[in-house]
Amino acid sequence: MSEWLIYLDNNATTPILPEVVSAMMEDLDGIPRNPSSVTKWGREGRDKISKARRQIASYFGVHPEEVFFTSGGTESNHFLIHSFYSAKPGKIISTEIEHASALEAIKFLKAGFYLPIDHFGAPTPSQVANSLTNNTSSIFLSAVNSETGVMIDLKEIASIAQKAKIPLLIDGVALLGKGPISPLPEGIAGISFSGHKIHGPKGIGLVIKRKQYKIPPIFRGGHQERDMRAGTENLPGILGLAKAIDLLEDSFFTTIHSTKTLFEEEVKRLIPWIEINGTGPKISNLSNLHFSDHDAELLLINLEKRGVLCSLGSACSSGTLKASHVLLGMGYPIKRAIGSLRFSFSRLNTQEEAKKSAQILSSLV
């Protein structure tokens, strides 16, 4: 990043990589490639999508026909929730600390059975196992909570779902690029991802849906995406997403974790009274910190003035600070929920940035 600006809001979006832009330019060269067209250029477009689909399938260890392109994480979550519910109505086992795109979809269906969450920050395998009934439609959980970074025990919960023959649907947006996900555990029936969270383009995402599950389409109309998602494909977005995934390496997880850990260690050394939200195991890149007796919104503004960009552990709606539903859902008091900041790292952040950010933060509190 630039010398004066330290970007620590990577769970909101990530800087797009030059290699990704170059891949997208393959369809931004002025040639009108509609992959649904029978023309030469249309066939070129279809070939490019097929290649991208195979590349992505190979990364996750799945079949190409199990990969479906969408407009992003929100649509991908709706794809999974609505389509699996339509195939088998019933209760959806979930939590009230999910991303809003999933939480609102489940609430719209009035189908949620919400597992209680405490300061640990994630549902346990035993909670999931004990909640299953004959009326369970599916299980929908985030692999990683996007505000606190706390992870579920994905492999164990996938095993439970597989044995119970209940579809396990996973929001994988905050996991991809920050922790291992390949090969995909067999017990996962469907999982969602988003391009712009892994240094790819905005407006593109994907769903992996196991082929043994027969579900209705999310959109109807054309025959795109094997009749599961009507609408002209976002070819440059697909090419960019495939490239962003192709660039992922497991070594990045260690690099990101090292930078985030250094930041937390420096913050705790300089501000001993700081509190970390969520006691469960964390993903490599995220630190959610509570600043007792401090106005987190004011702190956020002052950090930006000093060249550090992060985000609130809460959302600002209509000019009024709204407490984070995640932290409230974990049982924290409202004062803590509105007094927290989220710092999210990427592989582009340096250890020097981590140290400088901690120093600037300590000077403000």
Kirkwood hydrodynamic radius, computed over distinct alpha-carbon pairs, for segment 1-142: how many Å, to one decimal?
18.8 Å
Can you give the local net charge around Pro125? Use residues other than it whose beta-carbon is closer than 9 angstrom to its beta-carbon, Lys and Arg +1, Asp and Glu -1.
-2
Suppose the Debye formula is applied to equal point scatterers at every Cα of segment 221-365; what is log10 I(q)/I(0) at q = 0.13, 0.14, 0.17, 0.18 Å⁻¹?
-0.70, -0.78, -0.97, -1.03
Loop trypsin sites (Lys or Arg not before Pro), segment 148-211, which have at most 14 other Cβ atoms in a 10 Å radius of their Cβ (DSSP):
Lys165, Lys211
Taking the chain and counting helices only, DSSP H stretches of n ≥ 4 at -39,500 (n - 2.57) each over all residues, the nearest-500 ellipticity at 222 nm comes to -11500 deg cm²/dmol
Looking only at aspartates and glutamates whose Cα falls under 15 Å of Lys155's and that sit 8 or more positions away or on another chain, we get Asp171, Glu186
Among Gly280, Gly237, Gly42, which one moves the most in a GNM of the chain with springs linking Cα atoms closer than 10 Å?
Gly42
Using 10 Å bins from zero, what percent of all Cα-Cα pairs in segment 27-109 falls into each bin?
15, 31, 29, 19, 6
With 0.36 nm assigned to each residue of separation and the Cα-Cα distance removed, Glu156 to Trp273 gains 38.6 nm
Apply the Kirkwood formula to segment 80-146: the hydrodynamic radius equals the inverse of the mean of 1/r over all pairs of different alpha-carbon atoms; give it in Å with one decimal.
12.1 Å
What is the ratio of the Cα radius of gyration of segment 132-245 to 2.2 N^0.38 Å, where N is its residue count, to two decimals?
1.14
Highest-fluctuation residue, Leu176, Leu247, Leu235 considered, GNM on the chain with Cα pairs under 10 Å:
Leu247
Using the Kirkwood radius over Cα pairs of segment 146-212, the Stokes-Einstein translational diffusion coefficient at 20 °C and 1.002 mPa s, in µm²/s and rounded to a whole number, is 168 µm²/s
Please report the equivalent ellipsoid semi-axes of segment 251-293, computed as sqrt(5 x eigenvalue) of the Cα gyration tensor, largest first, in whole Å.
21, 12, 6
Cross-link reach list, lysines versus Lys107, counting only Cα pairs under 24 Å and skipping chain neighbours closer than eight places:
Lys88, Lys91, Lys165, Lys209, Lys214, Lys322
With springs connecting C-alpha atoms under 10 Å apart, model the chain as a Gaussian network and identify which of Asp47, Asp29, Asp153 has the largest mean-square fluctuation.
Asp29
Given +1 on the Cβ of Lys and Arg, -1 on the Cβ of Asp and Glu, and no further charges, what dipole in debye does the chain carry about its Cα centre, rounded to the nearest 20?
1000 debye
Excluding residues fewer than 8 places away in the same chain, name every one of the lysines whose C-alpha is closer than 20 Å to that of Lys40.
Lys48, Lys51
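Laboratory data are not the source of any read-out in this text; all were calculated from the coordinates shown. Since the structure is predicted, the reported quantities are computational estimates derived from the model, not experimental observations. FYI the Cβ positions are ideal-geometry reconstructions off the backbone, even for glycines, and counts take in every protein chain you see.
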